[in-house]
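The values are calculated or read from the model by the stated rules, or taken from the named source; none is laboratory data. The shown structure was predicted, so the numbers you read here are calculated from the model rather than taken from an experiment. As a convention, Cβ positions derive from the backbone with ideal geometry for all residues, glycine included, and neighbour counts pool all protein chains shown. Surface accessibility is based on the protein's heavy atoms, side chains included, excluding ligands, DNA and RNA. Shrake-Rupley method; radii C 1.70, N 1.55, O 1.52, S 1.80 Å.
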Amino acid sequence: MGLGLPLRLDFDREWLQRRRQPLLLVHGEADEFASGEEMAAFVEGLDQGVDLRRIPGADHLFTGQENRAVDAVVSYLGAA
């Protein structure tokens, strides 16, 4: 699971390709480190098994949208 991956910062992304299990990514549309569109494009380049949940209006820390981020995780886990 990843919350607000900072695509504009330097970090090891190889683990995303090496993973063997399904992956949930929760991302704010107004994230300062990657827009929702940037994250969607990034996810398209990954192997299958990635579920991207975009939170409208949420910044990198999901300020004021924390419950929506939690709901996305709970929904994903309930469907798994």
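Structure summary
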| quantity | calculated |
| --- | --- |
| Subset of segment 59-80 [assigned to a loop (DSSP other than H, G, I, E, B), in contact with a strand residue (DSSP E or B) (Cβ under 9 Å, 6 or more places away or on another chain) and over 24 Å from Arg19 (Cβ atoms)] | Asp59, Leu61, Thr63, Gln65 |
| Arg20 without any contact (Cβ under 8 Å) to a residue 24 or more places away in the chain, touching a strand residue (DSSP E or B) at 6+ places or on another chain (Cβ under 8 Å) and not in a strand (DSSP E or B) | no |
| Filter result for Val43 (modelled with pLDDT of 90 or more, farther than 12 Å from Leu3 by Cα and open to solvent by less than 80 Å² (accessible area, probe 1.4 Å)) | yes |
| Residues that are surrounded by 14 or more Cβ atoms within 10 Å (Cβ to Cβ) and either within 10 Å of the chain's Cα centre (by Cα) or at positive phi (or both), drawn from segment 1-28 | Gly2, Leu3, Gly4, Leu5, Leu23, Leu24, Leu25, Val26, His27, Gly28 |
| First in segment 39-66 and in contact (Cβ under 8 Å) with a residue 12 or more places away in the chain and under 22 Å from Ala79 (Cα atoms), second anywhere and surrounded by fewer than 17 Cβ atoms within 10 Å (Cβ to Cβ) and among the acidic types (Asp, Glu), Cβ under 7 Å, 6 or more apart | Arg54/Glu29; Ile55/Glu29; Pro56/Glu29 |
